[in-house]
Amino acid sequence: MTVQTATKFLFIPVSSAEGIGEYMRSMIIADEVKRLWPSAEIKFILSKQAPYAAQCPYPAVLLEDTPTKQVNAVNQIMSDYQPDIVLFDASGRKSQLAHAHKLGAKVIFLSQHKRKRSRGMKIGRALVTDCHWVVQPEFVIGPISWLDRLKLKLINKPAPLNIGPVFTQPDASTQSALLAQYQLTHNEFVLFNAGSGGHKVNGELAADIFAKAAHDCFVECGIASVMVFGPNYPNSLPNLAGIILISQLDNQQFINLLAASKAAVLGGGDTLLQAIALHKAILAVPISKDQSNRIAACKLKQLVMACTAESSEIQDAVKVLIKKVENNDGYELQCKASDLNGLNVAIREIYNVYDRLGDKSCG
């Protein structure tokens with residue numbers, strides 16, 4: 001099948017000066033939509049406060065604050081744009097979802113933790129939502145309650161679908177080019193990344209904590225390391241001898257470096273689940289309040305090691321992790337849920353949504 005008319009997609013991720021996961025996920029889905037259906041129209045709504053907003057490669061409307069707080073502005077944009085499919089990634093008031101539904105758009109809501117998932121299952125929101133995707137494996141977030149399942153059945157709405165982490169698959173050419181660019185050898189370096197670069201732990205930037213640990217690992221043990229700071233990192237890159245410092249990478253580049261690494265030191269956000277799906281040896285470090293439970297669930301499944309966000313603890317844990325990897329000790333990631341790439345599921349679901357767009361069809 002082919003797109004007979006230019007279907008309009010509107011992406012509305014949470015956007016701020018701190019996190020970047022929702023925006024990156026929306027970008028990955030948008031890129032795949034454009035690859036599969038070149039005639040599709042794509043637009044974003046973002047906050048001016050997000051440092052990456054001005055770099056968005058798609059047409060974007062920039063608001064004074066995160067879209068969830070700009071109810072009237074978002075509704076007006078939807079009225080003017082007349083989208084066919086709207087993806088709210090962890091964003092959106094009930095009135096915004098209802099407005100999209102009233103315009104005839106198919107509404108997709110993405111949640112990433114229990115509180116957001118519960119909000120998405122409230123009857124008022126569920127009635128105007130066509131798809132609810134949960135970007136966590138069920139072993140992390142747990143099943144929904146029997147009562148929620150019953151309520152959704154009574155209003156003829158499906159239960160939220162656990163699609164897992166969304167990422168671009170590694171490819172050999174991109175990986176080879178990156179390794180050559182940074183003079184790295186496959187499986188001989190540790191990748192450090194504290195998310196977007198904007199998170200703070202006890203007043204200190206998590207990226208600075210990670211960078212210090214990477215430097216100390218090199219000084220003490222000669223461990224080759226790469227530190228990716230992220231687009232929200234507000235400072236100039238520090239001068240740290242012995243480690244490769246990278247300001248930011250797009251998801252495809254990051255995933256390819258991650259796949260080529262011996263091990264990774266990561267926050268507990270989306271990149272953690274992406275690394276698990278790639279079967280990497282991981283040291284997980286919570287850098288925001290919603291990450292500790294996720295890391296604990298992954299640790300319980302023996303998918304990660306974990307420690308607190310202190311550079312000395314990270315340094316010690318990295319040495320243990322490297323030894324385990326070299327001894328092949330316990331890091332044969334066995335959770336089948338970790339094999340899932342949510343991008344494939346998301347695209348399949350978008351196909352299904354297309355089929356419900358009346359006379360429009362997709363290819």
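The values are calculated or read from the model by the stated rules, or taken from the named source; none is laboratory data. Because the structure is a prediction, the values reported are computed rather than measured. So basically every Cβ, Gly included, is an ideal-geometry build from the backbone, and we count neighbours across all protein chains shown. Remember, those area values only see protein heavy atoms, side chains included, never the ligands or the DNA or RNA. Shrake-Rupley method; radii C 1.70, N 1.55, O 1.52, S 1.80 Å.
With the whole protein complex present, residue 48 retains an accessible surface near 110 Å², based on a 1.4 Å probe. Hull volume per residue, based on the alpha-carbon atoms of segment 49-94 and their convex hull, is 94 Å³. Structure note, pairs 122/157; 200/324; 48/116; 114/324; 48/212: Cα-Cα distances above 21 angstrom occur for 200/324; 48/116; 114/324; 48/212. Projected onto their three principal axes, the Cα atoms of segment 203-285 cover extents of 32, 29, 23 Å, largest first.
Rounded to the nearest 20, the size of the Cβ-charge dipole of segment 47-175 about its Cα centre is 780 debye, with Lys and Arg at +1 and Asp and Glu at -1. Quick one: Cα centre-to-centre distance for segment 62-122 and segment 240-308, in angstrom? Taking the Cα centre of segment 240-308 as reference, the centre of segment 62-122 is 29 Å away. Accessible surface for the chain, divided over its residues, is 43 Å² per residue with a 1.4 Å probe. Computed over the chain, relative contact order equals 17 percent, with contacts defined as Cα pairs under 8 Å that lie 6+ residues apart. Between the Cα long axis of helix 206-221 and the first principal axis of the chain there is an angle of about 30°, rounded to the nearest 10.
Heavy-atom accessible area for residue 121, with the other protein chains in place and a 1.4 Å probe, reaches approximately 10 Å². In a simple Cβ point-charge model (Lys, Arg +1; Asp, Glu -1; nothing else charged), the chain has a dipole of about 1520 debye relative to its Cα centre. Rolling a 1.4 angstrom probe over the chain with all protein chains present gives an accessible area of which 50% lies on carbon and sulfur atoms. All C-alpha to C-alpha distances of the chain, sorted into 20 Å bins beginning at zero, yield P(r) values of 30, 56, 14, 0 percent in whole numbers. The base-10 log of I(q)/I(0) for segment 107-257, evaluated at q = 0.08, 0.12, 0.20 Å⁻¹, reads -0.37, -0.70, -1.13 [Debye formula, identical scatterers on Cα atoms, solvent excluded].
Any chance you could give the angle, 0 to 90 degrees and rounded to 10, that helix 172-181 forms with the longest Cα principal axis of the chain? Rounded to the nearest ten degrees, it is 50.
Mean projection of the Cα convex hull over all viewing directions, computed for segment 61-186: 11.0 nm². Considering only 348, 294, 119, the mean-square fluctuation computed in a Gaussian network model of the chain, springs between alpha carbons under 10 angstrom, is largest for 348.
Relative to the dominant Cα principal axis of the chain, helix 71-81 is inclined by about 70°.
Rounded, prolate or oblate: pick one for segment 25-69, where a ≥ b ≥ c are the square roots of the eigenvalues of its C-alpha gyration tensor, a/c under 1.5 means rounded, and failing that, prolate if a/b is larger than b/c, else oblate. Prolate. The DSSP beta bridges internal to the chain are antiparallel in roughly 5% of cases. Across the options 156, 251, 311, the greatest Cα extent toward the positive end of the charge dipole of the chain (unit charges at beta carbon of Lys, Arg, Asp, Glu) belongs to 156.
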